[in-house]
Ligand code: GUN
């Protein structure tokens, strides 16, 4: 069993990005600039956004954090998006999700200029990704594919089972895994809360991507020997033994499943660290106008 070390790969890619930023600056080019919009004080969102801003600084980007209280109106938030769309110094920006229930996430995402949508959530980017065209790939699917690539895991002709059909992980990663070429060329099955015989389907899988948000859903008797398991789960399960009062728990019962795997990602330290790197890469591409001019 080989542990897929997302933290190490993420650090390596960060170094590669920092190197490129140095070269851009030395040649008199523009410093890539990412803005993040954070609404409210959700613990998870606070941590994620703080990590994104810190990572920007580590690789030499400029970053701007814009904060609103929970009671911000949809109109105010849309006006903020409009300003960021028009601000020539901002190469890309994200609006951290989830948003309070009185604000339509769909409306906010659609109002973002797709050329600055470094989260890859805008329908134009999702559509282009599905068609195999150059686009901003969303962070988690891009991170998963990058891990498979860096560990030279064979995907061609393999049966990839995806657990979960969310717009930000399940659906897009299913498109990437079935795309022509490497990493891709998989036969893909997407399972969700209404799927029957999940165990039988999982037992046929060469690669399982677990992204349903149910802690330790995938058990040892649901996988075959030699399977590759990518665990996208990050549920905060209350735990009295940790300083924070919770334990980040994946969708895979690691102790049962890992002995049967050829490769597996841990939680934390697997897919998680890769997601920020994908955002940094998209921002670098946005700064270079590499996808949209
Ligand atoms: N909430 C959870 N993941 C993400 C992400 O990748 N981007 C944004 N904007 N919000 C999130």
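The values are calculated or read from the model by the stated rules, or taken from the named source; none is laboratory data. None of these values were measured; they are calculated from a predicted model. Cβ coordinates were reconstructed from backbone atoms using ideal geometry, including for glycine residues, and neighbour counts include every protein chain displayed.
Of note:
- The condition (being modelled with pLDDT under 95, over 17 Å from residue 1 (Cβ atoms), within 16 Å of the ligand (Cβ to nearest atom) and touching a strand residue (DSSP E or B) at 6+ places or on another chain (Cβ under 9 Å)) is satisfied by just one residue among 235, 283: 235.
- Check on residue 127, closer than 30 Å to residue 83 by Cα, away from the ligand (no atom under 15 Å from the Cβ), free of Cβ contacts under 8 Å to residues at least 40 places away in the same chain and out of contact with any helix residue (DSSP H, G or I) (no Cβ under 7 Å at 6 or more places or on another chain): yes
- Residues in the range 98-117 that are under 16 Å from residue 293 (Cβ atoms), within 15 Å of the ligand (Cβ to nearest atom) and in contact (Cβ under 8 Å) with a residue 60 or more places away in the chain: 114, 116.
- Test result for residue 37, surrounded by 17 or more Cβ atoms within 10 Å (Cβ to Cβ), under 15 Å from residue 118 (Cβ atoms) and either under 19 Å from the mean Cα position of the chain (by Cα) or away from the ligand (no atom under 16 Å from the Cβ) (or both): yes
- Residue, nearest to residue 199 (Cα to Cα), within the range 156-170, restricted to residues that are surrounded by fewer than 23 Cβ atoms within 10 Å (Cβ to Cβ) and away from the ligand (no atom under 14 Å from the Cβ): 159
- Scanning the range 191-207 for residues that are surrounded by 19 or more Cβ atoms within 10 Å (Cβ to Cβ) and touching a helix residue (DSSP H, G or I) at 6+ places or on another chain (Cβ under 6 Å) yields 191, 202.
- Scanning the range 218-268 for residues that are free of Cβ contacts under 8 Å to residues at least 24 places away in the same chain and within 16 Å of the chain's Cα centre (by Cα) yields a count of 1.
- Of residues in the range 250-278 being out of contact with any helix residue (DSSP H, G or I) (no Cβ under 6 Å at 6 or more places or on another chain) and assigned to a loop (DSSP other than H, G, I, E, B), the one nearest to residue 211 (Cα to Cα): 251
- Test: residue in the range 175-187 that is within 16 Å of the ligand (Cβ to nearest atom) and crowded, with 18+ Cβ neighbours inside 10 Å: yes
- Residue satisfying all of: in the range 46-84; surrounded by 15 or more Cβ atoms within 10 Å (Cβ to Cβ), modelled with pLDDT of 95 or more and out of contact with any helix residue (DSSP H, G or I) (no Cβ under 8 Å at 6 or more places or on another chain); farthest from residue 117 (Cα to Cα) among these: 72
- Criterion violated by residue 95 - all others in (1) touching a residue at least 60 places away in the same chain (Cβ under 8 Å); (2) under 15 Å from the mean Cα position of the chain (by Cα) satisfied: (1)
- If you filter the range 130-146 down to residues that are within 16 Å of the ligand (Cβ to nearest atom) and in a helix (DSSP H, G or I), you find that the one that is surrounded by the most Cβ atoms within 10 Å (Cβ to Cβ) is 143.
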